[in-house]
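To keep things clear, I will list the structure first and then write my remarks on it.
The values are calculated or read from the model by the stated rules, or taken from the named source; none is laboratory data. Model, not experiment: these values are computed from the prediction. With ideal geometry, Cβ positions are generated from the backbone for all residues, glycine too; neighbour counts draw on all protein chains shown. Heads up: the accessible areas ignore ligands, DNA and RNA and are worked out on the full protein's heavy atoms, side chains in. Shrake-Rupley method; radii C 1.70, N 1.55, O 1.52, S 1.80 Å.
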Amino acid sequence: MTGQHGSMRADPARAGGVTRIRVGPGLAGDPAGTDAYDVVVGHQLLGELPGLLGGAQRVLVVHPRGLRATGEAVREDLLAAGHETYLAEVPDGEEAKTSAVLAFCWGVLGQAGFTRTDAVVGVGGGAVTDLAGFVAATWLRGVRVVQVPTTLLAMVDAAVGGKTGVNTTEGKNLVGAFHPPSGVLCDLAALETLPRNDLVAGLAEVVKTGFIADPRILEVLENDPDAATTWDAPALRELVERSVAVKARVVTEDLEESYLREILNYGHTFGHAVEQVERYTWRHGAAVSVGMVFAAELGRLAGRTPERLVDRHRDVLRRLGLPLTYAGGRWPALLEAMRRDKKTRGDLLRFVVLEDVGRPVRLEGPDPALLVAAYGEVSG
Ligand SMILES: NC(=O)c1ccc[n+]([C@@H]2O[C@H](COP(=O)([O-])OP(=O)(O)OC[C@H]3O[C@@H](n4cnc5c(N)ncnc54)[C@H](O)[C@@H]3O)[C@@H](O)[C@H]2O)c1
């Protein structure tokens, strides 16, 4: 994980007002590159959709209740392009990621007679793209899915990379599959209606991407934090493109999360613990924000992260309006949650820390005293 300085930097190429970022070829288990796909970033991208459906006769559009008009618009386009089109309206947010909603979607596919060559389109935030991806992964052991993410988090993270799944009553994302999409359409116009808090929360993943792999992302955020939270600003577009480019490079090299992909979890070990302890009332991005400050402090205490880099974390996150602290007195619960985290191997807690911007390293089994001290630095 060391020595990646600059290697993940990418300068996405634009043509005709859209930017195409390739994921693959070279995805695990796909030496011929047939699973490679493009993430397209731009405005008014629905015209791209029919070309990604591989000649499917039937298409199921999965969308959340709150995006009914968008779901209808997608359906109109698909009907006009000659597809037999079905809508599955699902609950907003995490309520969509349940076995009951999954079974509802399977029911629609079954009644409409979906075959191996038909397709699913996920229109919504990460909850819906996770669900739609899993519906596609499981129907007849796998049909085509195209993702149309409508939140910043889904554009830069959830919809890219092929991880799909639903929750169970025992926990989040416990059931799932790797099922790469045939394409991802990041239509920035969708962000116009996204509540500001959701946009800002999505920026936490953008900040993370900057720290682990692309210094230019940090510069853009620092130069004009207001532009970063404006849906039609060129700066936000650049941030989306650069973040997607990094994720594309990482997942191309490591589809199934064995080693390199761990760097994408920067700030997430502590962040996930906060989410669990708070019973998912915190936005993921807010928890990751505090998690990055924790990781930076832990890295500093372990002698890996320079102090000026820790300060830079606080500066950039604060300017975006993201939280830097979490309530004191919750350490035992947080530690317990971190130990249960999927990424923990055996009893060893694992963290990603930074030696510099773009130089993530793994910190395994840190001294418990350092963990307590790092918590002291972030507990408000
Ligand atoms: N598969 C992965 O690799 C991956 C990575 C990160 C997160 N995730 C998953 O993503 C989910 C979180 O995604 P999210 O943050 O996008 O939240 P979300 O999908 O829960 O959406 C948040 C809310 O915003 C609404 N919404 C979506 N787009 C909108 C728009 N354009 N305008 C107005 N409202 C809109 C949704 O209906 C919902 O109510 C979690 O379930 C998480 O597990 C998956």
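Among the residues of region 260-274, is any in contact with a helix residue (DSSP H, G or I) (Cβ under 7 Å, 6 or more places away or on another chain), among the aromatic types (Phe, Trp, Tyr) and not in a helix (DSSP H, G or I)? Yes, the conditions are met somewhere in region 260-274.
Residue under question is residue 204, and the condition is that it be at pLDDT 95 or above, closer than 23 Å to residue 309 by Cα, more than 15 Å from the chain's Cα centre (by Cα) and buried (at least 24 other Cβ atoms within 10 Å of the Cβ); does it hold?
So residue 204 does not fit the description; no.
Given the structure, is residue 189 touching a strand residue (DSSP E or B) at 6+ places or on another chain (Cβ under 6 Å), modelled with pLDDT of 95 or more and within 11 Å of the ligand (Cβ to nearest atom)? Judged against the criteria, residue 189 is not a match.
Every condition in (1) within 20 Å of the chain's Cα centre (by Cα); (2) of a type in the set (Val, Ile, Thr); (3) over 24 Å from residue 248 (Cβ atoms); (4) surrounded by 19 or more Cβ atoms within 10 Å (Cβ to Cβ) is met by residue 288 except one, and the failing one is (3).
Does residue 237 satisfy the condition of being closer than 23 Å to residue 20 by Cα, open to solvent by 40 Å² or more (accessible area, probe 1.4 Å) and in a helix (DSSP H, G or I)? In short, no.
Among strands (runs of 3 or more DSSP E) entirely within region 145-196, having at least 1 residues that are touching a residue at least 12 places away in the same chain (Cβ under 8 Å) and closer than 24 Å to residue 69 by Cα singles out 183-187. In region 240-263, what residues are buried (at least 17 other Cβ atoms within 10 Å of the Cβ) and polar (S, T, N, Q)? If the condition is that a residue be buried (at least 17 other Cβ atoms within 10 Å of the Cβ) and polar (S, T, N, Q), then 243, 252 are the ones that fit. Within region 357-380, the only residue that satisfies the criterion of being surrounded by fewer than 18 Cβ atoms within 10 Å (Cβ to Cβ), touching a Ser or Thr at 6+ places or on another chain (Cβ under 8 Å) and in a strand (DSSP E or B) is 379.
Of all residues in region 147-162, those satisfying the criterion of being at pLDDT 95 or above and farther than 13 Å from residue 122 by Cβ are 152, 153, 156, 157.
From the set of residues in region 46-66 that are under 26 Å from residue 168 (Cα atoms) and within 15 Å of the ligand (Cβ to nearest atom), which is most open to solvent (accessible area, probe 1.4 Å)? Result: 65. Here the condition is being of a type outside the set (A, V, I, L, M, F, W, C), buried (at least 24 other Cβ atoms within 10 Å of the Cβ), touching a residue at least 60 places away in the same chain (Cβ under 8 Å) and within 15 Å of residue 59 (Cα to Cα); of 122, 133, it holds for 122 alone.
Checking residue 55 against (1) assigned to a helix (DSSP H, G or I); (2) touching a residue at least 12 places away in the same chain (Cβ under 8 Å); (3) over 22 Å from the mean Cα position of the chain (by Cα): exactly one of these is not met. Which one? Of (1) assigned to a helix (DSSP H, G or I); (2) touching a residue at least 12 places away in the same chain (Cβ under 8 Å); (3) over 22 Å from the mean Cα position of the chain (by Cα), only one is false for residue 55: (1). Please determine whether any residue of region 208-218 is buried (at least 24 other Cβ atoms within 10 Å of the Cβ), in contact (Cβ under 8 Å) with a residue 12 or more places away in the chain and within 13 Å of the ligand (Cβ to nearest atom). Yes, region 208-218 contains a residue that is buried (at least 24 other Cβ atoms within 10 Å of the Cβ), in contact (Cβ under 8 Å) with a residue 12 or more places away in the chain and within 13 Å of the ligand (Cβ to nearest atom). Restricted to region 142-180, and to residues there that are over 14 Å from the mean Cα position of the chain (by Cα) and open to solvent by less than 10 Å² (accessible area, probe 1.4 Å), the residue that is nearest to the ligand (Cβ to nearest atom) is 166. Go over the candidates 103, 73, 69 one by one and state the one that is open to solvent by 20 Å² or more (accessible area, probe 1.4 Å), away from the ligand (no atom under 15 Å from the Cβ), among the hydrophobic types (A, V, I, L, M, F, W, C) and more than 20 Å from residue 163 (Cβ to Cβ). Being open to solvent by 20 Å² or more (accessible area, probe 1.4 Å), away from the ligand (no atom under 15 Å from the Cβ), among the hydrophobic types (A, V, I, L, M, F, W, C) and more than 20 Å from residue 163 (Cβ to Cβ) holds for just one of 103, 73, 69, which is 103.
Against the definition (under 23 Å from residue 224 (Cα atoms) and in contact with a Leu (Cβ under 6 Å, 6 or more places away or on another chain)), how does residue 301 come out, yes or no? Spelling it out, it is not the case that residue 301 is under 23 Å from residue 224 (Cα atoms) and in contact with a Leu (Cβ under 6 Å, 6 or more places away or on another chain).
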